[in-house]
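What follows draws every value from the coordinates through simple rules; no lab data is involved. What you are looking at is a predicted structure, and each value in this text was computed from that prediction instead of being measured. All Cβ positions, glycine included, derive from the backbone under ideal geometry; neighbour counts span all protein chains shown.
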Amino acid sequence: MSPIRIAACALALSVLAGGAFAHHSFAMFDTKKEITLDGTIKDFRWTNPHSWLVVTVKDAKGVETDWSLEGLSPGALARQGWKRSSIKVGDKAIVKANPLRDGSAGGSIVSVTIDGKTVGGSPGG
């Protein structure tokens, strides 16, 4: 094989592998802490590379806050027992999550409980 072909193959492989290097870590989440959110599902996205869940939570004063929570890929969630239909808008849910380190209303899903059924969602879940 000529040096030009070898270089072209190496370049093609590095371009194809670039997506794996672009993937972010879970370092933005405080995995040493776990919070429990009791609320209503506002949105659920069964998407790659990560699923997303938005839960509306009311505090003691009745103020609503939307929490944006990141989960694993649909394939990883399916291996943990999830289905695309596991969560629906309007469902009442108890969500355990590792919060964002910056204190904003977000985190990484550890588990979701709806109607007594719990499914996992993150590397720790």
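Annotations for the structure displayed:
- The stretch 79-120: number of residues that are in a loop (DSSP other than H, G, I, E, B) and under 13 Å from ILE41 (Cβ atoms): 8
- GLY75 passes every criterion in (1) without any contact (Cβ under 8 Å) to a residue 40 or more places away in the chain; (2) within 14 Å of THR36 (Cα to Cα) apart from (2).
- Taking the criterion of being hydrophobic (A, V, I, L, M, F, W, C) and in contact with a Lys or Arg (Cβ under 9 Å, 6 or more places away or on another chain), the only residue of the stretch 79-93 that qualifies is VAL89.
- Search result, residues across the stretch 94-109 that are over 10 Å from GLU70 (Cβ atoms) and surrounded by fewer than 24 Cβ atoms within 10 Å (Cβ to Cβ): ILE94, LYS96, PRO99, ARG101, ASP102, GLY103, SER104, ALA105
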